[in-house]
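Student: Here it is, the structure, as structure tokens.
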Amino acid sequence: MEGYNYIGGRWCPSRSGRWFDKRNPADTRDLIGRFPLSSAEDIAEAVEAAQQAYARWRLVPAPRRGEIVRRIGDLLVQRKEELARAMTREMGKPLVEARGDVQEAIDTAYYAAAEGRRLFGYNTPSELPNKVNLSFRMPVGVCGIITAWNFPIAVPSWKIFPALVCGNTVVWKPSEDAPHCANLLAEVVAEAGVPEGVLNVVHGDAEAGEALVRHPAVRLIAFTGSTVVGRHIASICGQLNKKCSLEMGGKNPLIVLPDAPFELALEGVLWGAFGTTGQRCTATSRLILHRDIAETFVEQLCQRTSALRVGNGLDEHVQVGPIINERQLQRIESYVRSGLEEGARLLVGGHRLTDGEYAHGFFFAPTIFADVTPRMRIFREEIFGPVLSVTVVDSLDEAIAVANQSDYGLSSSIYTRDITAAFQAIRDLEAGITYVNAPTIGAEAHMPFGGIKGTGNGHREGGWTVFDIFTEWKTVYIDYSGRLQRAQIDTETS
Ligand code: NAD
């Protein structure tokens, strides 16, 4: 299959004439297709198309734009199974999770569509007589969207659908690890009636991404990916004075107290740590156990972890899919070596799976390390793989202090039946999201999503807050007094 860029409503190759291959990570003999390795020239063409489309799209009434986005949701419903299968084949997550990924985009489409009839502003009294003060949300303009591969339909939808409802046009640089899903989403968007040039897709790697960030006509960059790339993008946006929203890495703690519902906590840790093969920004990567239950909990967790079915996600029985690519597999191996060198105790896993059904894919055994201390790299750095570290503590206060010893602040969780402990954790955990008696993963489309510290830069996608990213405020004063009224100076009340 040959995949193309989607610019101004046309499918076209890169002007560079270069391509990259995308293969199935569960079986690299399976070529998904080749896609354009685009350059700054392709980005410039896409931005031009987006600028032209913006002139008309911004004037389409927001409720009408919302109706088009609702149709995107309807089409995603119709094509859910097809998209989920394509996603599993392209990036490996088990089918059940791929269906969830598409469902999240459907939920986002319907939520964003309805916002077309809200996009509320504020009316407030003026400090002067016979004068009214209003405020409106305005579109930002051409938005550059850059995304990671691990939620190839859901994460782009979090950005693209609200951006469109708000009247912006978009140039999207999807991940080079999930280009086919990007084209399927673009197809759906076009079929729903989004006009030419309103959404443009330019494939490629850092070169295309950086050209998008640097293009002077791009007014906003919305990025999801690693903290190292996000910081780099933010520094360019800072110099160019562009609006920039960043959703980056995580190192998410899950605390289990002695009074926790034991079975529920076990199930939660397994799902949080090894769902999506640990390749989620919200993956549970640090398990913080109270000493009173630590031994029994770890014993049972290891048993269950060893029993997880690893394999090709297209097999409905598989619970843990492949790692995305060879580079990431090597990165996980290097963290396992680092854990061993720094004195952590490897309990299960810790190695590639290479025999039989695994021979042609990137598979890694679900891994647990015990005796992990906050100084170790495996405790501090995002591994983005099926590696869980366990740290034992003696109190709730210590658990929270250990959880907060992190440069990241995305998700967090506590298992307890004690409401006082739960509320203390909600108050004190340094994270954008806290779950009580649920693992660190499981965001819902209508709630704010994002993190603090190294995870974000103060914005929240999802819910009502994403509309703050994709709009600018226009403040309006209407004076019907018929005379010059000077704010702060003419303070007489008559
Ligand atoms: P990545 O940072 O390597 O790449 C993300 C995107 O940025 C890709 O499209 C890539 O081509 C592009 N890119 C790379 N260098 C660039 C540059 N110099 N200029 C512009 N664009 C550039 O991340 P990844 O490996 O695709 O995804 C994994 C990371 O994403 C993890 O750190 C994970 O935690 C994070 N993530 C965060 C969230 C969230 O919402 N917080 C969600 C999903 C994934």
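Student: Kindly list the number of the only condition in (1) over 27 Å from Ile221 (Cβ atoms); (2) open to solvent by less than 40 Å² (accessible area, probe 1.4 Å); (3) within 21 Å of the chain's Cα centre (by Cα) that fails for Lys80.
Tutor: (2) is the only condition that Lys80 fails.
Student: List pairs: first in the stretch 145-161 and within 17 Å of Ala190 (Cα to Cα) and among the aliphatic types (A, V, I, L, M), second at pLDDT 95 or above and near the ligand (Cβ under 10 Å from one of its atoms), Cβ under 9 Å, 6+ apart or cross-chain?
Tutor: Pairs found: Ile153/Ala178; Ile153/Ala182; Ile160/Ile145; Ile160/Trp172.
Student: Hey, could you check the stretch 234-245 for residues that are open to solvent by 10 Å² or more (accessible area, probe 1.4 Å) and touching a residue at least 12 places away in the same chain (Cβ under 8 Å) and say which is farthest from the ligand (Cβ to nearest atom)?
Tutor: Lys243
Student: Could you list, ordered by first residue, the pairs with Cβ atoms under 7 Å in which the first is in the stretch 198-218 and under 23 Å from Trp57 (Cβ atoms) and the second is within 9 Å of the ligand (Cβ to nearest atom) and in a helix (DSSP H, G or I), at least 6 apart or interchain?
Tutor: Val202/Ala208; Val213/Ile233; Val213/Ile236; Val218/Leu212
Student: Still on this structure: Within the stretch 441-452, which residues are in contact (Cβ under 8 Å) with a residue 40 or more places away in the chain, within 12 Å of the ligand (Cβ to nearest atom) and in contact with a Phe, Trp or Tyr (Cβ under 8 Å, 6 or more places away or on another chain)?
Tutor: Ile441, Ala443, Phe449, Gly451
Student: Which pairs do you get when a residue that is in contact (Cβ under 8 Å) with a residue 60 or more places away in the chain, found in the stretch 295-315, comes within reach of a residue that is buried (at least 17 other Cβ atoms within 10 Å of the Cβ) and of a type in the set (Lys, Arg), reach meaning Cβ atoms under 8 angstrom, with the pair 6+ apart or on two chains?
Tutor: Gly313/Lys93; Leu314/Arg89
Student: In the stretch 83-99, what residues are assigned to a helix (DSSP H, G or I) and either more than 30 Å from Thr28 (Cα to Cα) or in contact (Cβ under 8 Å) with a residue 24 or more places away in the chain (or both)? Step through it out loud before you land on a result.
Tutor: Step one: of the stretch 83-99, the residues assigned to a helix (DSSP H, G or I) are 83-91, 95-99.
Those that are assigned to a helix (DSSP H, G or I) and either more than 30 Å from Thr28 (Cα to Cα) or in contact (Cβ under 8 Å) with a residue 24 or more places away in the chain (or both): Leu83, Arg85, Ala86, Met87, Thr88, Arg89, Glu90, Met91, Leu95, Val96, Glu97, Ala98.
Student: Can I ask one more? Scanning the stretch 184-209 for residues that are charged (D, E, K, R) and under 23 Å from Ala86 (Cα atoms), which turns out most open to solvent (accessible area, probe 1.4 Å)? Before the answer, list the steps.
Tutor: Our first condition is that a residue be charged (D, E, K, R); within the stretch 184-209, this holds for 187, 191, 196, 205, 207.
Still in the running and under 23 Å from Ala86 (Cα atoms): 187, 191, 205.
On the way: Glu187: 76, Glu191: 118, Asp205: 52 Å².
The qualifying residue most open to solvent (accessible area, probe 1.4 Å) is Glu191.
The values are calculated or read from the model by the stated rules, or taken from the named source; none is laboratory data. Note that the structure is predicted; figures quoted are calculated from it, not measured. Every residue, glycine as well, gets a Cβ built from its backbone with ideal geometry; the counts of neighbours run over all protein chains shown. Side chains are part of the model used for accessible areas, which takes the heavy atoms of the whole protein and leaves out ligands, DNA and RNA. Shrake-Rupley method; radii C 1.70, N 1.55, O 1.52, S 1.80 Å.
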